[in-house]
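Every read-out reported here was derived from the displayed coordinates using simple, explicitly stated rules and does not represent laboratory data. The structure presented is a predicted model; accordingly, all values stated were derived computationally and were not measured. Note that each Cβ is placed from the backbone with ideal geometry, even for glycine, and that neighbours are counted across all protein chains shown.
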Amino acid sequence: MSAAPDIRARAATSEDVLVEVKGLKKHFPVTQGLFVQRVIGQVKAVDGVSFTIRRGETLGLVGESGCGKTTTGRCILQLERPTAGEIVFDGVNLEKLSEKELSPLRRKIQVIFQDPYSSLNPRMKVGEIIGEPMKVHGVQPDPGKRQQRVAELLSVCGLNPKFADRYPHEMSGGQRQRVGIARALSLDPEFIICDEAVSALDVSIQAQVINLLEDLREQFGLTYLFIAHDLSVVHHLCNRVAVMYLGKVVELAESDELFDNPLHPYTQALLSAVPIPDPTIEKTRAHQTLQGEVPSPMKPPSGCVFHPRCPMAVESCKAGIPELIEKRPGHWVACTEVS
Amino acid sequence: MPKLLEVEDLRTQFYTTEGVVKAVDGITYSVDEGETVAIVGESGCGKSVGAMSVLRLIPNPPGQIVGGQIRFQGRDLLTLDDAEIRKVRGHKIAMVFQEPMTSLNPVLSIGTQLTETMMHHLGTTQQEADRRAVELLGMVGIGEPERRLKQYPHHFSGGMRQRVMIALALSCEPRLIIADEPTTALDVTIQAQILELMRDLTKRMGVALIIITHNLGVVARYAERVIVMYAGKIVETGTSEQIYHNPRHPYTIGLLNSVPRMDLHRGKRLVPIEGQPPDLTRLPPGCAYRPRCRWAIADCDRAVPPLAEVADGQLSACLRRAELDASMRDAS
């Protein structure tokens with residue numbers, strides 16, 4: 001695979017960071033009124049998120065519905081323009097670029113969506129779906145060569161090259177997800193955002209796709225941002241994991257460290273809520289059930305957004321917003337009560 | 001103890017343009033009073049159709065229950081007429097569905113939906129039903145029940161709606177609740193709240209529970225007995241300890257190997273089940289799992305292997321069930 005020339009010489013950093021998200025905010029206006037729309041509030045979907053992704057690593061982004069994990073991914077993809085903050089990809093600040101300047105970079109950042117039923121055009125054949133990005137970006141203008149490349153991508157993703165002539169509805173969910181992966185690979189990306197990429201699949205098929213993602217990461221030196229709500233899958237696939245709650249990162253650590261020693265009370269509750277497939281362990285395991293529900297992101301609580309549900313909350317949690325602090329080497333937590 | 005529910009050789013088919021789909025193809029199981037049984041399997045294995053058949057909620061056409069018996073408290077539900085089965089539904093056997101968004105009526109208040117059911121099945125007065133409704137909402141952990149009863153489903157979050165569904169299911173003091181993927185649409189912390197609530201209430205009231213799920217963690221935490229289904233048939237059944245610690249059917253072993261374990265350290269590669277789930281209109285002869293099975297032998301495609309005992313209370317439908325012990329599983 002030929003690597004496209006870099007837009008600008010890569011700045012050598014000690015950690016070789018590929019993606020840097022700095023103080024990312026994305027607020028959506030909430031409007032009311034049928035004819036005259038008035039803005040009555042803001043949904044702070046993402047509210048000051050910072051993290052880095054090193055070249056070749058897989059960073060997991062977990063949290064429950066509405067925590068902002070998907071919006072964070074969409075901002076990195078530049079499908080949403082952030083309200084504030086910076087997305088630096090390979091040394092280039094994407095926020096400073098025009099649409100035209102962004103286009104060559106879009107090739108390097110690809111996405112795999114959750115729903116293999118709605119993310120493939122039902123009127124296009126599989127071969128056209130996978131070839132489309134190459135056509136759009138003018139990477140492979142020759143139809144014969146493009147067809148050859150499609151066949152290659154299909155077999156890389158564990159599908160018979162003959163599937164190029166099929167339509168999505170003729171395939172199972174697992175096969176469709178492989179088509180989505182082949183399409184993401186068609187432009188030789190460096191970075192792939194997997195947004196709930198295996199969530200809709202049955203367990204036996206999910207394991208096949210997880211193994212495929214791992215193989216591709218190795219074979220093509222890919223970097224992933226893996227957005228998911230299934231903590232077991234995230235633990236298995238990711239080197240590091242960031243936990244989000246109401247638009248903020250509350251904890252970030254190496255995968256094994258986070259699952260062995262969760263420090264933030266939300267992470268602790270989240271992990272304790274996930275049942276482990278072993279009845280003997282489940283019988284003796286302490287279950288800490290979190291009370292209440294996630295508050296509306298339109299009216300987030302003051303201070304630490306988790307304080308109304310937090311078993312450790314003290315009076316000061318209602319006032320100050322806790323910073324994400326490195327409490328142990330490589331283990332970041334946004335909680336003032338964690339020593 | 002007498003069996004509460006006995007399903008015998010149940011067969012449910014769907015007539016489609018692609019051919020006849022044998023969604024449930026001869027399943028036999030029973031549920032005791034107060035017991036929690038999980039039915040697990042992947043999409044299309046027949047777990048939901050099997051449970052819907054118990055209450056005769058199969059849309060006809062295209063579906064039809066073509067054979068078998070479903071005895072509930074000794075009565076065969078398949079021989080009842082429409083008026084009689086309606087007296088069982090929502091009364092002695094209640095259901096909790098996956099979609100809390102669509103299984104409540106959006107134009108009726110929560111209070112109306114709760115009291116209507118009780119007045120219909122139990123013949124209670126409006127006042128008595130109102131009083132019970134307040135009590136039920138309190139029991140499922142909904143604060144300010146008097147105010148909440150006047151509200152409509154869209155005022156409730158997904159987790160709260162599922163609590164309302166549970167209140168509705170419990171309102172007529174059923175003996176059995178069938179919960180079809182009750183928490184699949186919910187976030188994990190809400191899932192835990194709902195499942196703990198269901199377990200506490202069913203245990204306290206001695207109600208039997210059938211949980212239909214694809215989540216092996218949920219099964220391990222909540223079920224006493226497990227039924228594993230594949231391609232419309234039961235392939236293995238036993239206590240949850242037997243199924244998780246000593247599985248004796250290749251499909252069960254495959255499922256357990258496919259799930260990533262959060263409690264173990266990373267690094268181990270998953271062992272997926274190869275191939276694709278079967279097309280139910282074109283099942284191979286013999287064992288339906290044979291094309292994906294790593295232990296298949298020539299005899300496997302001769303005839304469908306029957307469920308046979310491998311240990312006390314554990315049945316497996318595999319010809320090689322006797323050999324398939326720990327040493328063979330580990331060698332894979």
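A Förster distance of 41 Å, applied to the separation of the beta-carbon atoms of residue A:254 and residue B:127, puts the FRET efficiency at 0.10.
As I understand it, the value is the acute angle between the Cα axis of helix A:173-185 and the longest principal axis of the Cα atoms of chain A; what does it come to in degrees, rounded to 10? Helix A:173-185 and the main axis of chain A meet at about 80 degrees. Between residue A:166 and residue A:214, the distance separating the two model label sites (each 7 Å from Cα on the Cα→Cβ line) works out to 2.5 nm.
Here the average projected area of the convex hull drawn through the C-alpha atoms of the protein assembly as shown stands at 33.5 nm². Per residue of peptide A:263-271, the mean number of Cβ atoms on other chains within 10 Å of the residue Cβ is 1. Extending 7 Å from Cα along the Cβ direction at residue A:123 and again at residue B:224 yields two label points whose distance is 5.7 nm.
Ordered by the number of other Cβ atoms lying within 10 Å of each residue's own Cβ, fewest first, A:100, B:233, A:25, A:44 fall into the sequence A:100, A:25, A:44, B:233. Here the Karplus curve 6.51 cos²θ - 1.76 cosθ + 1.60, taken at θ = phi - 60°, turns the phi angles of segment B:255-263 into couplings of 4, 5, 6, 7, 8, x, 9, 6, 8 Hz, with x standing for Gly and Pro. Were the residues from residue A:286 through residue A:327 laid out at 0.36 nm apart, the gain over their Cα-Cα distance would be 12.3 nm.
Please enumerate, by chain and number, the lysines with C-alpha under 17 Å from the C-alpha of residue B:233, excluding those fewer than 8 residues away in the same chain. Within the straight-line limit of under 17 Å, residue B:233 reaches these lysines: B:22, B:47.
Based on C-alpha pairs under 8 angstrom that are at least 6 apart in sequence, segment B:3-223 has a relative contact order of 26 percent. Report summary: the helix-based calculation at 222 nm, which adds -39500 (n - 2.57) for every DSSP H run with n ≥ 4 and divides by the residues of chain B, gives -9000 deg cm²/dmol.
Only lysines eight or more places from residue A:125 in sequence, or on another chain, were considered; those with a Cα closer than 18 Å are A:135, A:145, A:162. Counting other Cβ atoms within 10 Å as a rough exposure proxy, the listed residues B:28, B:202 run B:28, B:202 from fewest neighbours to most. Were the residues from residue B:203 through residue B:151 laid out at 0.36 nm apart, the gain over their Cα-Cα distance would be 15.8 nm.
For segment B:194-288, relative contact order (Cα pairs under 8 Å, six or more residues apart, normalised by length) works out to 17 percent.
For chain B, take the longest principal axis of its alpha carbons; what is the angle in degrees between that and the long axis of helix B:110-122, to the nearest 10 within 0 to 90? Around 80 degrees separate the two axes. Relative contact order of chain A, taken over Cα pairs closer than 8 Å and 6 or more residues apart, is 19 percent. In this structure, the pairs whose alpha-carbon distance is over 18 Å, taken from A:26/A:96; A:44/A:108; A:22/A:44; A:299/B:150, are A:44/A:108; A:299/B:150.
Between the beta carbons of residue A:22 and residue B:246, assuming R0 = 56 Å, the FRET efficiency works out to 0.60 to the nearest 0.05.
Separation of segment A:30-103 from segment A:149-170 is 33 Å, based on Cα centroids. By the count of neighbouring beta-carbon atoms within 10 Å, fewest first, A:96, B:3, A:26 end up ordered A:96, B:3, A:26.
Here the protein assembly as shown carries DSSP beta bridges of which approximately 65% are antiparallel, counting only pairs with both residues inside. Looking at chain A alone, DSSP beta bridges between its own residues are antiparallel in about 65 percent of cases.
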